[in-house]
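See below for the structure under consideration.
The values are calculated or read from the model by the stated rules, or taken from the named source; none is laboratory data. All figures in this text were calculated on a predicted structure; none of them were measured in a lab. All Cβ positions, glycine included, derive from the backbone under ideal geometry; neighbour counts span all protein chains shown. We work out accessible area using only protein heavy atoms, side chains counted, and drop any ligands, DNA or RNA first. Shrake-Rupley method; radii C 1.70, N 1.55, O 1.52, S 1.80 Å.
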Number of protein chains: 4
Amino acid sequence: MAIQGRDEKHEGPIRLGMVGGGNDAFIGGVHRIASRIDDKYRLVAGALSSTPQKAQASGAALGLAPDRIYDDFKQMAIREARLKDGIEAVAIVTPNHVHYAAAREFLKRGIHVICDKPLTSNVADAVKMVKAAEASDALFILTHNYTGYPMTRQAREMVQSGLLGKIRVVQVEYAQDWLAEHQDVKQAEWRTDPSRSGAGGSTGDIGTHAFNLAAFVSGLELESLSADLQAFVDGRPVDDNAHVMLRYKGGARGMLWCSQVAPGNENNLRLRIYGEKGGLEWAQEDPNYLWYTPFGEPKRLITRNGAGAGEAAGRISRVPAGHPEGYLEGFANIYSDAAEAIIAKRNGAACPEGVIYPTVDDGLLGVRFVDACVRSSSRDSKWVGLT
Amino acid sequence: MAIQGRDEKHEGPIRLGMVGGGNDAFIGGVHRIASRIDDKYRLVAGALSSTPQKAQASGAALGLAPDRIYDDFKQMAIREARLKDGIEAVAIVTPNHVHYAAAREFLKRGIHVICDKPLTSNVADAVKMVKAAEASDALFILTHNYTGYPMTRQAREMVQSGLLGKIRVVQVEYAQDWLAEHQDVKQAEWRTDPSRSGAGGSTGDIGTHAFNLAAFVSGLELESLSADLQAFVDGRPVDDNAHVMLRYKGGARGMLWCSQVAPGNENNLRLRIYGEKGGLEWAQEDPNYLWYTPFGEPKRLITRNGAGAGEAAGRISRVPAGHPEGYLEGFANIYSDAAEAIIAKRNGAACPEGVIYPTVDDGLLGVRFVDACVRSSSRDSKWVGLT
Amino acid sequence: MAIQGRDEKHEGPIRLGMVGGGNDAFIGGVHRIASRIDDKYRLVAGALSSTPQKAQASGAALGLAPDRIYDDFKQMAIREARLKDGIEAVAIVTPNHVHYAAAREFLKRGIHVICDKPLTSNVADAVKMVKAAEASDALFILTHNYTGYPMTRQAREMVQSGLLGKIRVVQVEYAQDWLAEHQDVKQAEWRTDPSRSGAGGSTGDIGTHAFNLAAFVSGLELESLSADLQAFVDGRPVDDNAHVMLRYKGGARGMLWCSQVAPGNENNLRLRIYGEKGGLEWAQEDPNYLWYTPFGEPKRLITRNGAGAGEAAGRISRVPAGHPEGYLEGFANIYSDAAEAIIAKRNGAACPEGVIYPTVDDGLLGVRFVDACVRSSSRDSKWVGLT
Amino acid sequence: MAIQGRDEKHEGPIRLGMVGGGNDAFIGGVHRIASRIDDKYRLVAGALSSTPQKAQASGAALGLAPDRIYDDFKQMAIREARLKDGIEAVAIVTPNHVHYAAAREFLKRGIHVICDKPLTSNVADAVKMVKAAEASDALFILTHNYTGYPMTRQAREMVQSGLLGKIRVVQVEYAQDWLAEHQDVKQAEWRTDPSRSGAGGSTGDIGTHAFNLAAFVSGLELESLSADLQAFVDGRPVDDNAHVMLRYKGGARGMLWCSQVAPGNENNLRLRIYGEKGGLEWAQEDPNYLWYTPFGEPKRLITRNGAGAGEAAGRISRVPAGHPEGYLEGFANIYSDAAEAIIAKRNGAACPEGVIYPTVDDGLLGVRFVDACVRSSSRDSKWVGLT
């Protein structure tokens, strides 16, 4: 019952920069907390806003040294790459359409990139991002943070072990309600502007998470999908609700529902997977629990770090069972796994066993998923592949 | 807190017959209990099996008078119609393909029919059933029993009152696991034989319930659907899993999932409805609860007969809140509402306000739903209407 | 998955009478439904109210023959005992202080008694009741109906099997809120009048259920208790909240809380039992579930009639897992077990294995429990035994 | 929906030292994470173990400068007090019997103390601790971390606002199972050794948390208690299960159950409070939810940062509703509130409104609670006060 503190094997924190994430941003603050929890990063530089004044104010508020506060990410990449103690990694937390332009500058200078999802706002950029990542010696980490929850790792380990038998059905959904009415706040604004978020609305913002999580846990690869997208709120140029039928390679079938207009749903990402021998059910709002339902036996509730939880979950748990960990810890697990990979690289060592993080390829799949949803929906729900 | 016993306004029980429901049947026993709970029926005759020996043994076990035990439903219809104290109503609980042939005999003799769902095993029979019902003076009640739960009535009343605003999204699912492996029992056998159950497997057996319940609560009419049906168990000639996208008239969209191969799901019928102003969520396995989620306010849990429950639910509740009622009481509510209608008819009175039961038209819609699912799925999930 | 209809082994229904249970009563209606569900009784006589006019009206409403409607229970006992087809059993559902006087008349004439709880309103009457029952050839059944739920039987079977090891801790509670404010309704009135309900308020009305259920499941015998009783509502002459510490023979300890002033609690009876090797948890409002928590293993959720449920629960289940049964079915199980015992007696046969019902001795224990609570509380929570 | 990052108002982190919390300790790691989450502290010194070798190794692993790693807390207090950039605050996370001796050294040198609970292992030490804190200009913060959860603050605010009316009943429990069998691990060892943990076992380790939380939320002051303590595991010198009845000033009554031998309970702290007008229910394992049950209205589920949550909860939430926060964030809230108080003191400013942390007086009450439990239990559960 000793705490599994990842702060105990300290090798000097990773020097981190950030692009985006100024004062009134949401996800930047999450990335910063995630980077701190296990004491593996130190935020030392930032181009926190495209508005210079805001960039300066935000950097100062965070205690950055004045000469490490930049008005522009390119300038930051150039200068930091030259500094002896320049940043080793950068977190990119801008609106989607900026991801590629920003990431490129750091990748080509060998600075590791930790990028928010979706990877880019369109497929063309996503393909370029993959190439840029492949051409670089630096690592590329995509923060599909829900794969950082101990119990989604537990679920994945159980599927991989064969405990469920061959997978037949995948039901995944991600429902919210915050866009049920027209919203004027900044978060809503860029997320519903196709030029910044991409052609998908709810599909891009949350559908990609659902799609990625289903693939992560099930290990399945999509063959084709049939989608029906809607924009229920008047004047909204992107979808705020999507129904998607899924066909996976090997014969499994699935359904994905994402919605931002479903009152009563705060951040309701839920995954259910059924195989020949059993099922699993996990819900993001109660993330410390995983239902395992072997066919013909009583249902079992596995708890994070509790009896029945395995190595994959235990490795990234900090406190004993019954002491809930949440969203920030799950996000931190992506950061800390990335840190292990970065430190291994720094030391010329192999990446430690068990380290998992979403990659640029996962990001490309996500952007292709959005594109396929939009294409299928515009063609009367025709089955289309992820091309 | 006085019990709302429906046994208190007694007018002489309705004389009931039964077709099907012999020894090893499932649903026949349910119908019998449902008919007894509020003391409004007396089972006095039966053609309980197509096997004469079983028909006799089953009738004797139930305490029927020997001369009211029949080997054949037609014979029963003929004789009972002539008896002075012959049956006033008949429950038809045979496999689906027999429903029409049996019901016809009673309808044309003015005997009310209480028929299990789905209405018939194919559209042609369903259309004939509608005609037979229309031509008869007798009532036709279809036991879509889930509309008999107080909290589905409560949900319907709330939608009708406008509390949710215009409906946007309907998510309905009905998952079971008992057919996850090949089953040799009688229940499984006829339900997976197209010649007896119809072209739909899970769609007919449980999908029709889900489809009906969604319509009952939402008040929406289907425009078209797009379906992807599967038979996961080797050699099974009908679907055991179905994914269906729904487009309702007026713009609402929905999703229906039914499955009989989802381990851990016993009888998991669940309905969620989202409108512009709020949402509702109900699950059959915990039927005494209804979540009401007005947008921008805390979630509320309404309980059967508890604070916040309205007239529609209160009318059919028997015991105070906190004393759970279940499946049999919900089924009994259909029977008792039917009894109120039958007694009104017997007395030449108007059917009392508040009485609700599924009709032959609901049954036709259900059979058309199955047909549409099969057609759409065979045409690569093309959108089709209920024709 | 065939329904386990108890109506299939029919031997001629038991002729039943009822004392109390007129128009505006609560529990009488429950007893009548409970007697009907499995078709093992036929209500044929009644002394339904101490007010003659109400007795007549109530009997007529229930369809009793005019000459079987009595104004007085003694008159009913005398006449029915002489009739050739007189009642074989009587349900006594009056306020508590009448139980003994009524039961005595039937017991001494060999008519089986099904009596509501608590047994009597004071210990002296309870002791006389035990003697009357012992002196009679008739059976005495006390409707501690919560012992009729399949999952409390399941829990008991698991404890008896040794699965939990030696029991250490029993936590039982029964919370309601309907008396949180002063109530004028009849149900509240007699239940808070010591001359009719007894010296205990919440302790008698619901505490006895909690105490009985804990003993039923755990198999433990009380050694002593320490109680702190309160009447929170001004002017209420009996307790509406009670805290009780329990010491069982053999060393187990427990806690009982009953309250009728806890807003948000409808009928929240909940039992938790912990032994050296595992725990169990059951809640009356969700009665189809039983949590089983073996030490060092994942929690398991056992469902009525589902995987993991044993013989004791299966024997009294009617519908498959996932089809919830509730309060009325649990109550009916007491009636149907009683019917099996009565029919065996009628046939001169031994009572069938597995038949369980609460007895007059359980009733005496319950009344002594209330008395002990009152005594302990009045002596500053001194530990006292059930004498 | 912008993240409420407390890292945005940065004033230079507080220099923190730690006493205890070496390699295999549990709570030290928790304190360190809690101090990091909002970026308000920097750990710069430590006397992490009473074993010099372990102290050195632990300090090095945490990246402390070699000259800030101490073998002895007194030596650390003396030297750090002299350093220009010496620690401003110290976290004391040793076994209980060391708390006072350690805290004294820092308090008398004006270094703020953040001390784990219970305050001390006996009343005499606790009284001395209060005096030492009063004599010092430094702040004393006790980490009753469960008061740092947003929803316990929400509950407290609701009680204070009068929403529940006068409080009548408090039910609090804290159940675990990790000591159900004899344990050899260090955590179990000192916690069950009276010379180090104090005369209470479960009462001291977890009962104090339950007692404190009930007082924090209800605002009630204890008048007296009646306790029954047990040690179920053979040879255990302190209680591992306790039943306690509570009488609060003003007439409210309560019950406290704490246990470390209840299989299936991981860290099950649960609080229910009932007043004249409504109730509240909160459970630590699902900390983002608070049930509010106004009498006569539907139950409401309030979520952290969601609709219906107020200022007290919003102030200490980091991420939007639906993104669960957990144990570490709750703990961090105590640290960050302490930081606000410390920084205000550093700046000669008043402590900001809304800042809440448990004090040395809460600690004294907790130690007296344990003492009262032991006294009462040894005197056959006599009612005793907290003297």
Most fluctuating of C:V93, C:V185, C:V123 in the GNM of chain C (C-alpha, under 10 Å) is C:V185
Honestly chain C on the Cα gyration tensor test (a ≥ b ≥ c root eigenvalues; a/c under 1.5 rounded, otherwise a/b vs b/c for prolate or oblate) is just oblate
SASA check, B:K131, accessible area w/ 1.4 Å probe, all protein chains in place, rounded to nearest 10 Å², comes out at 130
Per the helix-only model, chain B has a calculated mean residue ellipticity at 222 nm (DSSP H runs of ≥4, -39500 (n - 2.57) each, divided over all residues, rounded to the nearest 500) of -10000 deg cm²/dmol
Along segment B:54-67, Karplus-curve 3J(HN,Hα) (6.51, -1.76, 1.60; θ = phi - 60°) to the nearest Hz, with x for Gly and Pro, reads 5, 4, 5, 4, 5, x, 5, 4, 7, x, 6, 5, x, 7
Per residue, the convex hull enclosing the alpha carbons of segment B:265-379 has a volume in Å³ of 172
Note: D:166-175 gets an average of partner chain Cβ contacts (10 Å, Cβ to Cβ) equal to 4
Expressed in square angstrom to the nearest 10, the accessible area of A:C373 with a 1.4 Å probe stands at 0
The answer for the protein assembly as shown, accessible area per residue at 1.4 Å probe in Å², is 32
Sorted shortest first, the nm distances from the C:D234 label point (7 Å along Cα→Cβ) to its counterparts in the other copies are 5.4, 5.9, 7.8
With the 8 Å Cα cutoff and a minimum separation of six or more residues, segment C:277-358 has a relative contact order in percent of 17
Loop-resident trypsin sites (Lys or Arg not before Pro) in segment A:188-274 with no more than 10 other Cβ atoms inside 10 Å, DSSP not H/G/I/E/B, are A:K249
GNM on chain D, Cα springs under 10 Å; top mean-square fluctuation among D:P95, D:P358, D:P298 goes to D:P298
The size of the Cβ-based charge dipole (Lys, Arg +1; Asp, Glu -1) of segment B:146-260 about the Cα centre, to the nearest 20 debye, is 720
Here the residues of segment D:357-381 lying in the modelled label zone of D:E134, meaning backbone nitrogen under 12 Å from a point 7 Å along Cα-to-Cβ, are D:361
Here the relative contact order (percent) of chain A, from C-alpha pairs under 8 Å and at least 6 apart, is 20
Cross-link reach from D:K84 to lysines, straight Cα distance under 20 Å and at least 8 residues apart if same chain, gives D:K40, D:K74, D:K108, D:K345
Carbon plus sulfur, as percent of the 1.4 Å-probe accessible area of chain D, comes to 48
Here the whole-number average of other chain Cβ atoms within 10 Å per Cβ of C:300-311 is 4
Calc'd 3J(HN,Hα), segment A:312-325, phi into Karplus 6.51 cos²θ - 1.76 cosθ + 1.60 (θ = phi - 60°), Hz, glycine/Pro = x, comes to 4, 6, x, 4, 10, 8, 10, 10, x, 3, x, 9, x, 9
Label model pair B:D24, A:V355: point-to-point distance (7 angstrom along the Cα→beta-carbon line) in nm is 6.1
Computed for B with C: buried accessible area summed over both chains, 1.4 Å probe, rounded to 100 Å², at 4000
Taking placed amide H atoms and a strict 5 Å upper bound, the residues 5 or more places from D:L269 or on another chain that come that close are D:A175, D:Q284, D:E285
When every protein chain stays in place and a 1.4 Å probe is rolled, D:E88, C:E189, C:E325 sorted by accessible area with the largest first are C:E189, D:E88, C:E325
Rounded to whole angstrom, the alpha-carbon centroid of segment A:30-76 lies from that of segment D:159-173 at a distance of 45
Rounded to the nearest 10 Å², the accessible area of C:E181 using a 1.4 Å probe with every protein chain kept is 90
Under 5 Å from the placed amide H of A:I141, counting only residues 5+ away or on other chains, we find A:V113, A:I114, A:C115
One decimal, nm, nearest first: from B:G110 to the same residue in each other copy, label points 7 Å out along Cα→Cβ, the values are 4.9, 9.9, 10.5
A student applying the Cα gyration tensor rule (rounded when a/c is under 1.5; otherwise prolate if a/b is larger than b/c, oblate if not) would label segment D:19-100 rounded
Gyration tensor on Cα atoms of the protein assembly as shown, a ≥ b ≥ c root eigenvalues, a/c under 1.5 rounded, else prolate if a/b beats b/c, else oblate, says oblate
Once amide hydrogens are built 1.01 Å from N within the peptide plane, the residues lying 5 or more places from B:Y41 or on another chain with amide H under 5 Å from its amide H are B:I14
If every Lys and Arg gets +1 and every Asp and Glu gets -1 at its Cβ, then about the Cα centre chain B yields a dipole, in debye to the nearest 20, of 840
Phi angles of segment B:273-282, converted by Karplus (6.51 cos²θ - 1.76 cosθ + 1.60, θ = phi - 60°) into ³J(HN,Hα) in whole Hz with x for Gly and Pro, give 10, 10, x, 5, 10, x, x, 9, 9, 9
One finds, for A:D380 and C:K277 with R0 = 56 angstrom and r their Cβ-Cβ distance, a FRET efficiency to the nearest 0.05 of 0.40
Contact order relative to length for segment B:113-238, counting C-alpha pairs under 8 Å separated by 6 or more residues, stands in percent at 30
Output ordering of A:198-204, A:101-107 (per-residue mean of other Cβ within 10 Å, highest first) is A:198-204, A:101-107
